[in-house]
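Each value in this text was obtained by applying a stated rule to the coordinates, not by laboratory testing. For clarity, every value in this text was computed on a predicted model and none was experimentally measured.
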Amino acid sequence: MSSDRYNAIFTNPQVESEIRDFEEWLNKYGEHLLAYEPSKIVVRTAWVVRIALDEAYRSFPGEEKELREYVASYMREKLLQHNVPVEAITRGDIHGTRQDVVEVLKTIFPNLSQTQRPSLPVILREEEEKKTHKPIPVPPTPRRELYLSKYIYAWIATLLISAILILLLTRI
């Protein structure tokens, strides 16, 4: 009986729009994401879950636990309809995600855990190692003799032409 009441959550225009966008996204990129980036499915699902929970909490205050269960079952069903093997998704970036959304995500994806991200000191150490192992490419410097010789030849040619002109003009 309560699940019929909770259907109102997904008829809200904003939630309905998010669900429609989510399904279009899954239709368009689902196979690629499952093969190469399943963690993006977790992130996108978390967004839709958060929107649905916000609407659910506004519409049905005081029924948070039931609402989380309902949203989890609804989203799990949507994912299964689009052939997303929810048990196979094991990693996702849930760091910084609201606790109620994480709870729903872990219900949808039972084997989900946080993607390991290196700490800042590790990242800085790796960057420093890259700098020490790989020399900075320096563009080759042009040879100065070539530039100087060009000017010397031009100067000599100017002197010769000037001398010839002076000789020719003084004989007339």
**Message:** Given axes a ≥ b ≥ c from the Cα gyration tensor, I'd like to know whether the chain is rounded (a/c under 1.5), prolate (a/b larger than b/c) or oblate.
**Reply:** prolate
**Asked** Just 35, 72, 52 to compare: in a GNM of the chain, with alpha carbon springs under 10 Å, which one fluctuates most?
**Response** 35
**Relative contact order for the chain, counting Cα pairs under 8 Å that sit 6 or more residues apart, in percent** = 19 percent
**Message:** For a quick check: with amide H placed at 1.01 Å from N, whose amide H comes under 5 Å from residue 91's, ignoring anything fewer than 5 positions away on the same chain?
**Reply:** 113
**Request:** Per DSSP H run of n ≥ 4, the term is -39500 (n - 2.57); total these for the chain, divide by its residue number, and report the mean residue ellipticity at 222 nm rounded to 500 deg cm²/dmol.
**Result:** -23500 deg cm²/dmol
**Asked** Which of the lysines could a cross-linker bridge to residue 28, judged by Cα under 22 Å and excluding same-chain residues fewer than eight apart?
**Response** 40, 78
**Complete:** Note on the chain: helices (DSSP H) long enough, at least 15 Å by alpha carbon along their axis, and hydrophobic enough, mean Kyte-Doolittle at least 1.0, are 144-171
